[in-house]
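Remarks on the structure that follows.
Taken together, the values in this text are just the output of simple stated rules run on the coordinates, not laboratory data. Just so you know, these numbers come straight off a predicted model, no measurement behind them. Note: ideal-geometry Cβ built from the backbone for every residue, glycine included; neighbour counts use all protein chains shown.
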Amino acid sequence: DYPKRIFSGIQPTGNLHLGNYLGAIHKWTQLQDNGENVVFSIVDMHSITLPHDPKELNDNVLKMTATLLACGIDPKKSILFQQSTIAMHVQLCWVLGCITTLARLGHLPQFKEKSQTLKNVPLGLYIYPVLQAADILLYKATHVPVGQDQVQHIQLAQDLAFKFNRTYGDTFPMPRSLVNENASQRIKSLRDPSKKMSKSSKDSKSRLDILDRPDELMEKIKKAVTDCTSEVTYEPEERPGVANLISIHSMLTGKSPDQICSEVEGLNTGKYKLVVADLVIEKLTPIREEFSRLIKEPAYLQEVLKNGREKATEIASDCWYEVQHKIGF
Ligand code: ADP
Ligand code: NA
């Protein structure tokens, strides 16, 4: 029996949006505040599988640290660290890579999708799911909160844990995915509600960034695509644009879509947008303000990462020591 430990990683790329907040970070803070044993990693090694700008990556790590703290990640309760500062991630990745097959990696849907657009596919893009497995197993994590699109990667981590345990003796718990996003909870693009809100979308008006100013949030929500019907009803299939606004409202307040629809009966969708915009602004304003304060304290942010690194290293070292011993290093 292994103690419950939750591991989650986030890439330090792009601006985080409301979908990331409601679908991931907010849930992390809830786990943390419920007293769970949580390890959060800013997975910068995953951000170089495609060409990147070094200066930007470096800035983004501190920016992500400030954002996570502003969202409520508390370094006294959680371990928060930068992946690349702990070399054991790569060391364990190598060991796991030696028990992974090419076929297994080539069949992963994310790889198929991403590699299709490239003429020369980097090896990193191919093996990053193994690094992800190492990220998880190095902390003997029992639970991994992820989005739907990552479930296959957690299955790979499970397979590798199983294979390692069978070959070398019990070492890793089976990590279980905590899928934090079902289709109805997924926040959609404001411009095309058939797609999810995504930080990789080129159209910044399709997305509500966590650090957007109130006037930007208001403007984007006012321009969100809805339809010709003026009533506010929750019909995700027929009226995805309106349903998306209701989902945002629901996730911000904990109220059910039905409850919301009866509360706002009589408002047309135009007026309803203002209600949702006010709620979003109310939620994000303190986060944006706290971010602005923290980003001016780079020494403090570095200190948080340094302390996180020390705590993460303690757990990782125990595991790596055991692995080395078992494989005969
Ligand atoms: P993106 O797709 O915007 O690049 P990521 O894939 O990096 O975001 O996702 C980071 C986390 O945010 C994941 O846990 C994912 O489930 C969550 N997430 C991303 N987009 C959404 C969304 N539109 N609605 C809800 N959760 C989301
Ligand atoms: Na994604």
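Taking the conditions exactly as written (part of a helix (DSSP H, G or I), more than 15 Å from ligand 1 (Cβ to nearest atom) and surrounded by fewer than 22 Cβ atoms within 10 Å (Cβ to Cβ)), does K55 satisfy them or not? In short, yes. So is R186 of a type in the set (K, R), near ligand 1 (Cβ under 10 Å from one of its atoms), in contact with a helix residue (DSSP H, G or I) (Cβ under 9 Å, 6 or more places away or on another chain) and more than 30 Å from T101 (Cα to Cα) or not? Answer is yes for this residue. Restricting K114, K119 to those that are in a loop (DSSP other than H, G, I, E, B) and either surrounded by 14 or more Cβ atoms within 10 Å (Cβ to Cβ) or more than 16 Å from ligand 1 (Cβ to nearest atom) (or both) reduces the list to K119. The C-beta contact set for segment 193-210 (first residue over 20 Å from E235 (Cα atoms) and of a type in the set (K, R), second residue within 11 Å of ligand 1 (Cβ to nearest atom) and assigned to a helix (DSSP H, G or I), distance under 8 angstrom, 6+ apart or interchain) comprises K199/N20; R207/L18; R207/G19.
If we keep just the residues of segment 191-229 that are away from ligand 1 (no atom under 13 Å from the Cβ) and of a type in the set (V, I, T), which is farthest from the chain's Cα centre (by Cα)? Selected residue: T229.
Restricting attention to segment 239-280, the residues being charged (D, E, K, R), under 29 Å from the mean Cα position of the chain (by Cα) and either part of a helix (DSSP H, G or I) or farther than 21 Å from M197 by Cβ (or both) number 3. Consider segment 1-13 and keep the residues that are under 12 Å from the mean Cα position of the chain (by Cα) and in a loop (DSSP other than H, G, I, E, B). The one that is farthest from ligand 1 (Cβ to nearest atom) is P12.
Go through the residues of segment 230-238 one by one and say whether even a single one is outside any loop (DSSP other than H, G, I, E, B) and either surrounded by 19 or more Cβ atoms within 10 Å (Cβ to Cβ) or within 24 Å of the chain's Cα centre (by Cα) (or both). Spell out how you get there, then give the answer.
Here is the first cut: in segment 230-238, the ones outside any loop (DSSP other than H, G, I, E, B) are none.
Scanning segment 230-238 turns up no residue that is outside any loop (DSSP other than H, G, I, E, B) and either surrounded by 19 or more Cβ atoms within 10 Å (Cβ to Cβ) or within 24 Å of the chain's Cα centre (by Cα) (or both).
Matching residues to (1) assigned to a loop (DSSP other than H, G, I, E, B); (2) hydrophobic (A, V, I, L, M, F, W, C):
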position: Q132; (1), (2): no, no
position: V144; (1), (2): no, yes
position: D149; (1), (2): no, no
position: H153; (1), (2): no, no
position: F164; (1), (2): no, yes
position: K199; (1), (2): yes, no
position: L211; (1), (2): yes, yes
